[in-house]
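Inspection log for the structure reproduced underneath, given as structure tokens.
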Amino acid sequence: MADAKPDEIGYYKADDLVKVDYAPPESEWIDTPLDIRPGSFIYPAKEKHIEFLGMDNPRPWSPLDDDWDLPDDWKERIHNGLKERLDKYRSLKVFMDICVRCGACADKCHFFIGSGDPKNMPVLRAELLRSVYRNDFTTAGKLLGKMAGARPLTKEVIKEWYYYFYQCTECRRCSVFCPYGIDTAEITMLARELLNLVGCNVNWVMEPVANCTVTGNHLRIQPHGLMDTFEFFADDVEEATGIQLDIPVNKKGADILFITPSGDFLADPGTFTCMGYMLLFHQLGLNYTWSTYASDGGNFGLFASHDNMRDLNAKIYAEAKRLGVKWILGGECGHMWRVLNQYMDTMNGPADFLEVPKSPITGTVFENARSTKMIHIMEFTADLIKHNKLKFDKSRNKGLKVTFHDSCNPARAMGILEEPRRVLNAVCDFQEMPENTIREQTFCCGGGAGLGTDENMEMRLRGGLPRGNAVHYVQQRYGVNRLAAMCAIDRATLETVCEFWAPEVKVTGIHELVANALIIKGEKKREVNLRLEPIGGEED
Amino acid sequence: MNAVFALLIVVGLAFVAMVSSQHAGSHAFFGIALPYVAVVVFIGGMIYRIVDWARSPVPFRIPTTCGQQKSLDWIKPSRFDNPTDTFGVVVRMALEVLFFRSLFRNTSVVVGEGTVKPAPREEGDESIAPAPDPMPGPVVAYSATKWLWLAGLAFHYAFLFILLRHLRFFTEPVPMFVDLIEGLDGFMEIGLPTLFLTGAVLLLAVTYLLLRRLFLPEVRYISLLQDYFPLFLILGIGISGITLRHFVGADMAAVKELTLSLARFQPVLPEESLHFMFYTHVFLVCVLFIYFPFSKLVHLGGVFFSPTRNLANNSRIVRHVNPWAKPAKLHSYKEYEAEFGEKMKAAGIPLDKD
């Protein structure tokens, strides 16, 4: 590992990263130059994706360049873009005006805790934009300039925005502690929209947006490729359980459309959770369908712009209408549920062609989704368990001590806290992490909002410190060896965070554990779990 | 540097007032014109700000949820930290505005190294056990910190009660509640005239808020001129007010003659000149009123407009409408099937065409 590169975990040592220097630099933040180094920024979006999406200023460029090749009228674009958003979003205007810089948010950000960089304090992240707002839109800023905390927009400011607004995972933890509820996620989202106007966006976001537009999923898997994936899953499921799955795809006349983040098709350990859904639905005899067209609920559009989010999200209702389903069920995903809970109905509703979700097994009517007609699978499964519709053999998850990572968006943009805990308690040996790191105070995995790419490894590990350390704590204290998360980004990025901060803890989705414990009609004696590993660990 | 500037500005303002109000000729300005201007600017400015915020719509329903959602009947929702109805939102806002609920959650974090000891285990516990010999490693520890909350709350309430107490000068007869507040405020009966607790609390709290800005490195780093200025200004107002009451022994009857005449819109200066310290106090208050609508102090109104706090988390129950919404640019299923139809057919996926 001596030759590891900045995008590899072996390049970093926990002993070094944990020595965080919180002393601010000598120079004021406005005068402190930007230090862009490999490992701490994300590669820019490729021309072809920006062109395909019809967005601004496609070109080859690198954040390490001196000249970022901005369009000639870049200043007007930003100024007008900011004005437009101030008129469209009360949130932005209020958040620009009312911050008192009390500092309560400062050490709530995982990136500040892990890096000590003062511009990762949520208050200062917002000031990066606020200073320009003051300069362009407030009397005091126009008259007094720097004395009033205003600064003119320069190309250096754009660079700073690019760096720090892609060092925010839109997790909203700071917003819980802010006395005015100032939401840095909102500020970051709108700042990224401004950056889009001059063509400064990241490939890790824009490529998935482009891919999802065409094929419905992140990796541009074409429909027949998705069928192959499903067949692989079916093979593995049969090997583990003896059950032969019938996987309905694009089926008209199904009662329920099931939407999950496409990460669940693509990478372990999400794939095991995907098999988990399939087994559960099989056992229930659910009349449901997958869709290849709307094969991603994950929606990286949320990390690009409100327009991108809306356009990708629109596929879900369109597909539900085309297939003639009654209602929609959503899988384990984090920001997908931010979109579904807080944006979908507003952006693409009303879903008046659907029915209020009703569990065909228990008869429970989900009044909490009366308007969107879409429920979370954890609501669905918790309801099944409450009504004793599922039988579990917990011993099949023997050898696992499981803790639970509340994903940012389900926790702070929805509040689905109890449901997953009820499910976990029913299927495995469950242990909470410390209270300042769970529920509404949960810490981000460090890779949300389009930051979970390897070239950003240093920041991911730094940002992952609070979560990783909480996992390490329960590992040392209680012997926890498995971290459950109901979010595809978590399942992808927490593996790395755990490898670094809490070695030997592995990550799982909840429905993987559910399906392992679930007693299924016609199954064979289970000797291996869905990972095809011997049940109970290798020692037994 | 920002702090020094702010201090100099406030000292300068006070100095100008002290010197110029020595001349009786200036009293009509300090005692009558400026207070009217200040009140008009304050009210007009705040209305302007509020109308300005209200003019921008709330396109999306984005509450920050801080507790369990309302979902299944048998799971108890957190009615006030994650409200789904108007009542819940009203309580949430009340807790926020009256008790600084969010700030009460404040924690501080320490990153260090240490060893996490295995938890004691009950006999017969057959679940997984932690490794017997824990290794030292990084430890991130959180602890509750309430000082900012306490000082903030003390400061705001002291300010409110002082403001209410001052209604004595603008009403005749003085309303009962003002007498009551004053009675409570002076119940310690220290000194003559009685020291008001709120005055002392205000000075202490503002001093704390100032010191933490000056001495906590992170807070100092984010502090701007406009963060120090109101603190020094309010400190100046408090000191001049206390001086006026306890050291100058101002002629309260004469003061009231003036203030009451202002309230009745028939302003007259008292025959005998009021002390310059009175005019200084009034001047600084006027500066605060005028400064208020153009500064961060508008959080007084803004807190009510924060969409992460004042909206119910019910966007799956009731459709929230965005007034400027545009329809999605959908990559339609038809386009999708046109591109992949052949492959879908070969893979056995049903098509619309067939």
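Nothing in this text is a laboratory measurement; each read-out follows from the coordinates by a stated rule. Just so it is clear, the structure is predicted and the values come from calculations on it, not from any experiment. Cβ: placed from backbone, ideal geometry, glycine included. Neighbour counts: every protein chain shown.
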Cα-based equivalent ellipsoid of the stretch A:271-409: semi-axis lengths in Å, sorted from largest, via gyration tensor: 27, 19, 14
Over 33 Å apart: what share of the alpha carbon pairs of chain B falls there, rounded to a whole percent? 53 percent
Output the antiparallel fraction of DSSP beta bridges having both residues in the stretch A:217-386, as a percent to the nearest 5. 10 percent
Exercise: per-residue mean of other protein chain Cβ atoms within 10 Å, B:53-61: 6
Rounded to two decimals, what is Rg over Rh for the stretch A:368-465 when you use alpha-carbon atoms and the Kirkwood radius? 1.03
Which entries in the list A:Lys326/A:Lys389; A:Lys252/A:Lys524; A:Lys315/B:Lys345; B:Lys76/B:Lys296; A:Lys521/B:Lys345 go over 30 Å, if you measure between the two C-alpha atoms of each? A:Lys252/A:Lys524; B:Lys76/B:Lys296; A:Lys521/B:Lys345
Kindly state, to the nearest 0.05, the FRET efficiency for A:Thr139 paired with B:Val16, given R0 = 25 Å and r defined as their beta-carbon distance. 0.65
Just name one of A:Leu17, B:Leu164, A:Leu34: the one whose Cα is farthest towards the positive end of the charge dipole of the protein assembly as shown (beta-carbon charges, Lys/Arg +1, Asp/Glu -1). B:Leu164
Run through every distinct alpha carbon pair of the stretch A:56-118 and return the Kirkwood hydrodynamic radius in angstroms, one decimal place. 15.3 Å
Sequence-separation-based contact order of chain B, relative, with Cα cut under 8 Å and 6+ spacing, percent: 31 percent
Residue mean of other protein chain beta carbons inside 10 Å, B:121-129: 3
List A:Ser305, B:Ser295 from most exposed to least, where exposure is judged by having the fewest other Cβ atoms within 10 Å. B:Ser295, A:Ser305
Which one, A:Asn388, A:Val205, A:Ala426, projects farthest toward the positive side of the charge dipole computed for chain A from Cβ point charges (K/R +1, D/E -1)? A:Asn388
For a paramagnetic label modelled at 7 Å from the Cα of B:Ala141 toward its Cβ, which residues of the stretch A:97-129 fall within the zone defined by backbone nitrogen distances under 15 Å? none
Over the stretch A:420-485: Kirkwood hydrodynamic radius from C-alpha pairwise inverse distances, Å: 13.0 Å
Explain nothing, just compute: Karplus ³J(HN,Hα) = 6.51 cos²θ - 1.76 cosθ + 1.60, θ = phi - 60°, for every residue of the stretch B:230-235 in order, whole Hz, x for Gly and Pro. x, 5, 5, 5, 5, 4
If you place +1 on the Cβ of every Lys and Arg, -1 on the Cβ of every Asp and Glu, and leave all else neutral, what size is the dipole of the stretch A:217-386 about its Cα centre, to the nearest 20 Debye? 700 debye
P(r) for the protein assembly as shown: what percent of alpha-carbon pairs falls in each 10 Å bin, starting at zero? 2, 12, 20, 23, 18, 12, 7, 4, 2, 0, 0
Which order do A:Glu193, A:Glu8 fall in if you start with the one that has the fewest other Cβ atoms within 10 Å? A:Glu8, A:Glu193
How far is helix A:184-197 tilted off the main Cα axis of chain A, in degrees rounded to 10, range 0 to 90? 70 degrees
Could the peptides A:453-465, B:256-268 be put in order, highest first, of the mean number of other beta-carbon atoms found within 10 Å of their residues? A:453-465, B:256-268
Dipole magnitude of the stretch A:9-201 about its Cα centre, charges +1 at Lys/Arg Cβ and -1 at Asp/Glu Cβ only, in debye to the nearest 20? 640 debye
Where nothing but the Cβ of Lys and Arg (+1) and of Asp and Glu (-1) is charged, how large is the charge dipole of the stretch A:394-517 around its Cα centre, in debye to the nearest 20? 400 debye
With the Cα gyration tensor of the stretch A:215-261 giving a ≥ b ≥ c as the square roots of its eigenvalues, does the rule (a/c under 1.5 for rounded; else a/b larger than b/c for prolate; else oblate) give rounded, prolate or oblate? oblate
Calculate, in nm to one decimal, what B:Leu150 and B:Ser261 gain on full extension: separation in residues at 0.36 nm each, minus their alpha carbon distance. 36.2 nm
State which entries of A:Lys398/A:Lys525; A:Lys48/A:Lys373; A:Lys119/B:Lys117 exceed 25 angstrom in Cα-Cα distance in the structure shown. A:Lys48/A:Lys373; A:Lys119/B:Lys117
Just counting partner chain Cβ atoms within 10 Å, what average do the residues of peptide B:335-341 show around their Cβ? 4
In terms of Cα to Cα distance under 22 Å, which lysines are near enough to A:Lys75, apart from those fewer than 8 places away along the same chain? A:Lys83, A:Lys88, A:Lys93, A:Lys142, A:Lys146, A:Lys155, A:Lys159
Considering only DSSP beta bridges with both partners in the protein assembly as shown, what is the antiparallel share in %, to the nearest 5? 40 percent
Roughly how far apart, in whole Å, are the Cα centres of the stretch A:324-340 and the stretch A:436-473? 24 Å
With each label point set 7 Å from Cα along the Cα-Cβ vector, what nm distance links B:Tyr48 and B:Ala33? 2.0 nm
